[in-house]
1. Given the residues A:S72, A:S77, which is the only one that is touching a residue at least 60 places away in the same chain (Cβ under 8 Å), within 33 Å of the chain's Cα centre (by Cα) and in the same structural domain as A:S47 (by TED's automatic domain parsing)?
2. Residue by residue through segment A:171-194, note down the ones that are surrounded by fewer than 21 Cβ atoms within 10 Å (Cβ to Cβ) and closer than 19 Å to A:Y253 by Cβ.
3. Return the pair list, or none, for Cβ contacts closer than 9 Å from residues in segment B:140-156 that are farther than 19 Å from B:L211 by Cβ to residues that are among the aromatic types (F, W, Y) and not in a loop (DSSP other than H, G, I, E, B), at least 6 apart or on different chains.
4. Which of the residues that make up segment B:138-164 are aliphatic (A, V, I, L, M), over 21 Å from B:D221 (Cα atoms) and assigned to a helix (DSSP H, G or I)?
5. If I filter segment B:174-184 for residues that are outside the structural domain of B:K339 (by TED's automatic domain parsing), over 19 Å from B:V334 (Cα atoms) and outside any loop (DSSP other than H, G, I, E, B), do I get at least one hit?
6. Could you please find all residues in segment A:13-48 being of a type outside the set (S, T, N, Q), out of contact with any helix residue (DSSP H, G or I) (no Cβ under 8 Å at 6 or more places or on another chain) and surrounded by fewer than 17 Cβ atoms within 10 Å (Cβ to Cβ)?
7. Restricting the first residue to segment A:276-291 and requiring it to be within 18 Å of A:V372 (Cα to Cα) and free of Cβ contacts under 8 Å to residues at least 60 places away in the same chain, which pairs with a second residue that is in a helix (DSSP H, G or I) and of a type in the set (V, I, T) meet a Cβ separation below 7 Å and a spacing of at least six or different chains?
8. Does A:I102 satisfy the criteria of being within 14 Å of another protein chain (Cβ to nearest Cβ) and without any contact (Cβ under 8 Å) to a residue 24 or more places away in the chain?
There are 2 protein chains.
Amino acid sequence: MKFTVHRDDFYLAVNSVQRATATRVIQPILANILIECESSTAPLKLSATDLDFSLQTSLNAEISIPGRTTLSAKKLSEILAKLPSKAMVQFEIDPVVQSCHISCGSSVFDMRTLPAEEFPSIPVIDSTSAIELSLPKLVQCIKQTEFAASKTDTNNILGGVFFKLSPDMLDLVSTDGSRLARRKESLEGLTLAETVTAIIPARTLQEFMKLAQTNSGEQTDTALVAIQNGQVFLSTTRFNAVSRLLDGQYPRYEQLIPRECKLQAKMNRAALTAALERTAVMANERTSIVRMTLSQGQLVLAADTPDVGNSKDMMPIHYDASEDLTIAFNFRFVLDALKVMDGDDVLMETNGALAPTLFKDADTPDAYLCLVMPVQVK
Amino acid sequence: MKFTVHRDDFYLAVNSVQRATATRVIQPILANILIECESSTAPLKLSATDLDFSLQTSLNAEISIPGRTTLSAKKLSEILAKLPSKAMVQFEIDPVVQSCHISCGSSVFDMRTLPAEEFPSIPVIDSTSAIELSLPKLVQCIKQTEFAASKTDTNNILGGVFFKLSPDMLDLVSTDGSRLARRKESLEGLTLAETVTAIIPARTLQEFMKLAQTNSGEQTDTALVAIQNGQVFLSTTRFNAVSRLLDGQYPRYEQLIPRECKLQAKMNRAALTAALERTAVMANERTSIVRMTLSQGQLVLAADTPDVGNSKDMMPIHYDASEDLTIAFNFRFVLDALKVMDGDDVLMETNGALAPTLFKDADTPDAYLCLVMPVQVK
């Protein structure tokens, strides 16, 4: 195998797929990247996998001798990082001595290879069943939900995002038991025989989102999504991600979301974020509790830690109910929700101090909600 | 005690002195900042200390009631970080309930105070004996030496920088046993009765350097330096640092530095840095060894790690000796030296593959040197 490749393209490609290599390596080959080209006119394909999650990308290269090999992702990335930008880099693999000779200007490297035959196979997509979605919309749906998945037990279904694709709607839902995020995205003209559901590991969606955001300026891209044989395929023009799904029955979240709330307030999102962050300085580091008292036209925020001090802040809001409401939250859950919204104003809706509370974008209240369970104080 | 202060000024001042608070707190008051003002026309003084190292600064404030108190540096900094830029912040201390009331716009905080009487006293400078130096020059001298002090045993004299002030010369020297850095700075018009020497903890000089670099754009500043009663005082117009000195006899470093070297080479500093960094990718992570082979007009760098791979690079140099030289270094020691030099070219001087090797700025070879001990290979 022998090829010449543009350093910048190859560095970007290696760094992209490297995210799927196994960090704690039981099988050394899982720390490697599979590099392959089928013919002198085919693109160079890179793949990495930790067995659960895989990434693939391809790029143009001058192929002198087609072939397959695997190289340490870490060392390859380190070498490319130190080579000059815009340089051409030549790779020549000697399968007999299992070594790759890399040369660029006056720099030469010899790197040990591991045989491509030992690299695990990555599930292949049947592209006829894939659904085409807008990549920016898909990224937005992921961003607004992935944070609410459980971080402690990532193999449990709560460590995943519930993904539901119906002919006219994409639904993403996540919950860790203390909060729940749900995003609905209307779709048009989808040819879908039936509704498809899956529980996708949050990590898969996070990696997909990061790659989609960093790899391109072209946010007019589309994404292909397919659910097959317990795997999800997420594909853009630049890379493919494949991940196993989480097994099990996702909680019946619809019944957790209150249909009607008798108490409603509207407030400026940036002002609420700043006031929460200020007040939170004195929140107990163990409980992270901030109390919010809503009265006509005004919100008062308060927090305290014994032996350290207390804090209080206030801001104008739209709240017309005759009864005042004092409700307490883990402030981090509220901040997480505020951070992923887009509009200037946020709606807060609840049925009482101990009832599930909804935070919504005031502009698009039907598209997105984040439910946060209040905390009982005193 | 009651005062009003500009948020930005106070935030900068708190963050500056906070660097001297004790990180692992045995006495809780060492995590606090002493805040004091003597009269309604005096500036507000802030002090922090971990008993070995202290920082002090002062700033203008509107003082309504003079007084003294201490507040948690961490909480104070967190509060100020969240308050809006350019705001005025009011502080009112109630010594009876040991509480500080902080207000800014709609935000209020109550913070527990600890009595100022319990705050350790910080040694006071007898400013008549202080020597005035150029702050940029002092910072440059520190930058070129502090990195070579031992990082493992910071209470040992090798964890310090040897500081020698003679009537016409400032000398800074540091060594960790494997390398040595020495910087000489010519002084003019210093009224100094006799030569002063001291071993200053590297951490003290690092903190001083960081503060001097971040606190100001005005690099035309001067610094006052005094050595008194086992303490060093370093003072600028913006802050004072006080630190205990390290006790003991500094190694007789002069005899370690070769007076004459029969092998000399001159090379481009940026090119050597880049070639070393590239080659080092394949250096053994345990030993960090890179081999350098000097021959007429050319330097070849090489490294290898068994079972991973090897690297080789070359670059043109000025080297006229008839004998080739192969010498090996911990590449990190060479990079550290190259990083703190200023000139385009660097001189490399040695008497052989196992002899101490000097790296010097080609423009100012008498002002600065970094000695690196080679490593024996094979």
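1. On the way: A:S72 fails: touching a residue at least 60 places away in the same chain (Cβ under 8 Å).
Step by step, each of A:S72, A:S77 is checked, and only A:S77 is touching a residue at least 60 places away in the same chain (Cβ under 8 Å), within 33 Å of the chain's Cα centre (by Cα) and in the same structural domain as A:S47 (by TED's automatic domain parsing).
2. Filtering segment A:171-194 for residues surrounded by fewer than 21 Cβ atoms within 10 Å (Cβ to Cβ) gives A:171, A:176-178, A:184-194.
Matches in segment A:171-194: A:D171, A:D176, A:G177, A:S178, A:K184, A:E185.
3. Taking only residues 6 or more apart or on different chains, the pairs are B:A148/B:F333.
4. Our first condition is that a residue be aliphatic (A, V, I, L, M); within segment B:138-164, this holds for B:138-139, B:142, B:148-149, B:157-158, B:161.
This time we only want the ones that are over 21 Å from B:D221 (Cα atoms), so: B:148-149, B:157-158, B:161.
If the condition is that a residue be aliphatic (A, V, I, L, M), over 21 Å from B:D221 (Cα atoms) and assigned to a helix (DSSP H, G or I), then B:A148, B:I157, B:L158 are the ones that fit.
5. As a first pass, look at segment B:174-184 and keep what is outside the structural domain of B:K339 (by TED's automatic domain parsing): B:174-184.
This time we only want the ones that are over 19 Å from B:V334 (Cα atoms), so: B:184.
Next, from what is left, pick out any that are outside any loop (DSSP other than H, G, I, E, B): B:184.
Within segment B:174-184 (the criterion being outside the structural domain of B:K339 (by TED's automatic domain parsing), over 19 Å from B:V334 (Cα atoms) and outside any loop (DSSP other than H, G, I, E, B)), the answer is yes, since at least one residue qualifies.
6. If the condition is that a residue be of a type outside the set (S, T, N, Q), out of contact with any helix residue (DSSP H, G or I) (no Cβ under 8 Å at 6 or more places or on another chain) and surrounded by fewer than 17 Cβ atoms within 10 Å (Cβ to Cβ), then A:R24, A:I26, A:P28, A:E38, A:A42, A:P43 are the ones that fit.
7. A:V290/A:T279
8. Working: within 14 Å of another protein chain (Cβ to nearest Cβ): yes; without any contact (Cβ under 8 Å) to a residue 24 or more places away in the chain: yes.
Considered against the rule, which asks whether it is within 14 Å of another protein chain (Cβ to nearest Cβ) and without any contact (Cβ under 8 Å) to a residue 24 or more places away in the chain, A:I102 comes out as yes.
The values are calculated or read from the model by the stated rules, or taken from the named source; none is laboratory data. This one's a predicted model, so the numbers in the text were calculated from it and none came from an experiment. For neighbour counting, all protein chains shown are included, and Cβ atoms are generated from backbone atoms with ideal geometry for every residue, glycine included.
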